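Structure first, commentary second.
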Amino acid sequence: MFGDQPRTRFYLPPSGPIGWSPPIFSKDGKKVFASGSTVRGELVRLDPKSNQFQHFLGGISADLIAFSKDGQYVASVTFPDGILWRANRDGSNRVQLTSPPLSPQSLAWSPDNTQLVFEAPSLQGPHVWTVPSTAGNPQRLLPEDSGQQTEPSWSPDGRKMIFSTGEHGGRESHILILDLASHQISTLPDSDGKVAPRWSPNGQFINAASLDTSIIYVFDIKTQHWSALNTGMHAYARWSRDSRSIYFLRWASDPAILRIAATGGEARVVASLKDFPFTGKPGLWFGLDPTDAPLMLRDESTTDVYALTLEEK
């Protein structure tokens, strides 16, 4: 393992670093060196007046922030342990909703505030789960379906659930709509090769991404047709509260938060993310608060070097 050196067990103190690098022994074999890293983020919000990111909800280490339709409640997933919590809008009265090994992703509220829906990975692939917002046992949305289910959310009237069957970077996907009353599932027309669907707040449109995340597609419910917004590589396409614009994160080059009209046109930069140390469970995360102010998780991780002196007994 490490030459002729003895095998040494490293124990993690409750308040100490949560990750160790491989140990390195000193030349005389009397000391062991290792770096210990504490992984943490700080939730920040772009202040519209100063155009600067400021800590939000006390700077909690959480991402996947989702506000209820009336803005009175907020759900979040702690980083890096991946536990879902519900709280009042100001972050008070927190209630834990999930426990490991469930690791919620792609979080959304039901319009009546009674439930939350999320995607969680498993050995069989990602599946959709729901959980009461007042706490209770999480339940599979489609327990008999062994296929992949990703990026779930409700229709604005609460009668339907929408999700995709593939993941970003995958080979195939289409978008399904579940009627919650009849339990019938239908396929959104011409949705092959599309992922991450989101209903607009006014219920008139659905946005989705291409599998390679280079295009944002917009489906018009009335005309039953898609239009394409050539945004380039992006992540986290989010509707504005008036359903007229879509915010998204550009991360591949010249990182920034941008906004584009749902009808097309030129995307405009909302905030540059140059030198912004973003982090999150998937590597980065972006969202909006009820006023359309961007939210990010800023990396506040630390790494220190430790030395352990070995003594013979």
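Please treat every number below as a calculation from the coordinates, not as lab data. Values in this document were obtained by computation on a predicted structure and should not be read as measured data. A quick note on method: Cβ atoms are made from the backbone with ideal geometry, for glycine too, and the neighbour counts reach across all protein chains shown.
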I want to verify the translational diffusion coefficient of the stretch 37-299 in µm²/s; compute it with Stokes-Einstein, Rh as the Kirkwood radius over Cα pairs, at 37 °C and 0.692 mPa s. 177
Quote the Stokes-Einstein diffusion coefficient, in whole µm² s⁻¹, for the stretch 27-69, based on the Kirkwood radius over alpha carbon pairs, a temperature of 20 °C and a viscosity of 1.002 mPa s. 154
Over the chain, relative contact order from alpha-carbon pairs under 8 Å, at least 6 apart, %: 15
Ratio for the stretch 151-286, C-alpha Rg to 2.2 N^0.38 Å, reads 1.04
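So, counting K/R as plus one and D/E as minus one, what does the shell of residues with Cβ under 14 Å around Gly169 add up to?
Value of the local net charge: -2.
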With a sphere of radius 13 Å drawn around the Cβ of Gln54, what net charge do the other residues whose Cβ falls strictly inside it have (Lys, Arg +1; Asp, Glu -1)? 0
I need the phi-derived Karplus couplings for the stretch 75-80: 6.51 cos²θ - 1.76 cosθ + 1.60, θ = phi - 60°, integer Hz, Gly and Pro marked x. 10, 8, 10, 5, 10, x
Could you order peptides 238-250, 273-285 by the average number of other Cβ atoms within 10 Å of their residues, highest first? 238-250, 273-285
If eta is 0.692 mPa s and T is 37 °C, what Stokes-Einstein diffusion coefficient results for the stretch 92-189, Kirkwood Rh from Cα pairs, in µm²/s? 235
By how many nm would the segment from Ala293 to Asp112 grow when fully extended, if each residue of separation counts as 0.36 nm and the alpha-carbon distance is taken off? 62.9 nm
Positive end of the dipole of the stretch 37-299, charges at C-beta (+1 Lys, Arg; -1 Asp, Glu), about the Cα centre: which of Ser50, Leu229, Trp85 has its Cα farthest in that direction? Ser50
Ordered by packing density, taken as the mean number of other Cβ atoms within 10 Å over each peptide's residues, highest first, how do 144-154, 21-31 rank? 144-154, 21-31
Label Leu142 and Leu123 with points 7 Å out from Cα along Cα→Cβ: what is the distance between them in nm? 2.2
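Once you have the Cα-Cα distance between Thr223 and Asn93, take 0.36 nm times their residue separation minus that, and quote the gain in nm to one decimal. Write out the running numbers ahead of the final one.
Details: separation 130, 0.36 × 130 = 46.80 nm, distance 4.40 nm.
Between Thr223 and Asn93, full extension yields an extra 42.4 nm.
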At a 10 Å Cβ-Cβ cut-off, how would you order Met161, Met296, fewest neighbours first? Met161, Met296
Between Ser26 and Ile185, with labels modelled 7 Å along Cα→Cβ, what's the label distance in nm to one decimal, could you check? 6.1
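What does the extension gain come out to for Ser301 and Asp242, with contour length at 0.36 nm per residue minus their alpha carbon separation?
Residue separation times 0.36 nm, minus the Cα-Cα distance, leaves 17.6 nm.
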Report the equivalent ellipsoid semi-axes for the stretch 212-282 in whole Å, largest first, defined as the square roots of five times the eigenvalues of the gyration tensor built from alpha carbon atoms. 24, 12, 11
Rg in Å to one decimal, and Dmax rounded to a whole Å, for the stretch 178-225 via C-alpha atoms: 11.5, 35
Note down the magnitude of the dipole of the chain about its Cα centre, charges +1 on Lys and Arg C-beta and -1 on Asp and Glu C-beta and zero elsewhere, to the nearest 20 debye. 420
If you add up the charges near Val74, with Lys and Arg at +1 and Asp and Glu at -1, over every other residue whose beta carbon is less than 14 angstrom from its beta carbon, what do you get? +1
Ranked output for segments 197-209, 33-45 by mean other Cβ atoms within 10 Å, highest leading, reads 197-209, 33-45
Principal axis lengths of the stretch 26-155 from Cα atoms, whole Å, largest first? 65, 47, 25
Estimated inter-spin distance, Ser272 and Asp212, nm [label 7 Å along Cα→Cβ]: 2.9
